[in-house]
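Novice: Have a look at this one.
The values are calculated or read from the model by the stated rules, or taken from the named source; none is laboratory data. Note that the structure is a prediction, hence the values are computed from the model and not measured. Cβ: placed from backbone, ideal geometry, glycine included. Neighbour counts: every protein chain shown. Areas reflect the complete protein model, heavy atoms only, side chains present, ligands, DNA and RNA absent. Shrake-Rupley method; radii C 1.70, N 1.55, O 1.52, S 1.80 Å.
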Amino acid sequence: MQPRINANVAPGVYHAMLGLENYINQSGLEVPLLHLIRMRASQINGCAYCIDMHWKDARTLGETEQRLYGLDAWRESPYYTDRERAALAWTEAVTLIADGHVPDEVYEEVRPHFTEKELADLTLAVVSINGWNRLAIASRTEPGKYQPAPGVHELKKTA
């Protein structure tokens, strides 16, 4: 597929999105958790570029292949924490918002695992990756070329 949109023609778009990413990355949410939710939303949205990017970033942080391969079946996989499960359920509900909005039962599932601020930050992280997915898909960003920058992902690894 041929790329459609050159990011250089509207650098403000990407600058604005990077501002969201900077906030999210400094929010205090665990970086490995952020990669899991970014990958899960990207799987749902079918964004090959973002799946490739966040898989590579997660592996750079030491995430196991087993957990990454099992992500699309996280409900049946035993290797995710309760906090991760709650975040993944929230990610799916916010990503699939057209399927009945965000159900109260999902909100009740996530609340014991996140403070109010963390839930607001988690929600913004889901909104952000959904935005990135749409930009990458619309512009036909080519997957496979992304390489993690050395040292970039040495942010807070755990809460």
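Novice: Among residues belonging to segment 78-100 that are of a type in the set (Gly, Ala, Ser) and at pLDDT 95 or above, point out the one that is surrounded by the most Cβ atoms within 10 Å (Cβ to Cβ).
Specialist: That would be Ala87.
Novice: Being open to solvent by 70 Å² or more (accessible area, probe 1.4 Å) and either touching a Phe, Trp or Tyr at 6+ places or on another chain (Cβ under 6 Å) or within 20 Å of Ile51 (Cβ to Cβ) (or both) narrows it down to one residue among Ile129, Ile137; which is it?
Specialist: Ile137
Novice: What number of residues within segment 95-125 are touching a residue at least 40 places away in the same chain (Cβ under 8 Å) and under 18 Å from Met39 (Cα atoms)?
Specialist: Total meeting the criteria: 6.
Novice: A further question follows. Could you grab me the full set of residues in segment 26-39 that are open to solvent by 30 Å² or more (accessible area, probe 1.4 Å) and assigned to a helix (DSSP H, G or I)?
Specialist: Pro32
Novice: Does Met17 satisfy the condition of being of a type outside the set (Asp, Glu) and under 13 Å from Asn130 (Cα atoms)?
Specialist: It is true that Met17 is of a type outside the set (Asp, Glu) and under 13 Å from Asn130 (Cα atoms).
Novice: Sort out which residues of segment 107-126 are hydrophobic (A, V, I, L, M, F, W, C) and open to solvent by 20 Å² or more (accessible area, probe 1.4 Å), and write them in order of number.
Specialist: Correct list: Ala120, Leu124.
Novice: While we're here: Residues of segment 35-87 being of a type in the set (S, T, N, Q), touching a residue at least 12 places away in the same chain (Cβ under 8 Å) and farther than 18 Å from Leu135 by Cβ, which ones?
Specialist: Thr60, Thr64, Gln66
Novice: Follow-up question, since we're still on this one. Filter segment 40-77 for residues that are exposed (fewer than 12 other Cβ atoms within 10 Å of the Cβ) and within 15 Å of the chain's Cα centre (by Cα) and give the result.
Specialist: Gly46 - this is the single residue of segment 40-77 that is exposed (fewer than 12 other Cβ atoms within 10 Å of the Cβ) and within 15 Å of the chain's Cα centre (by Cα).
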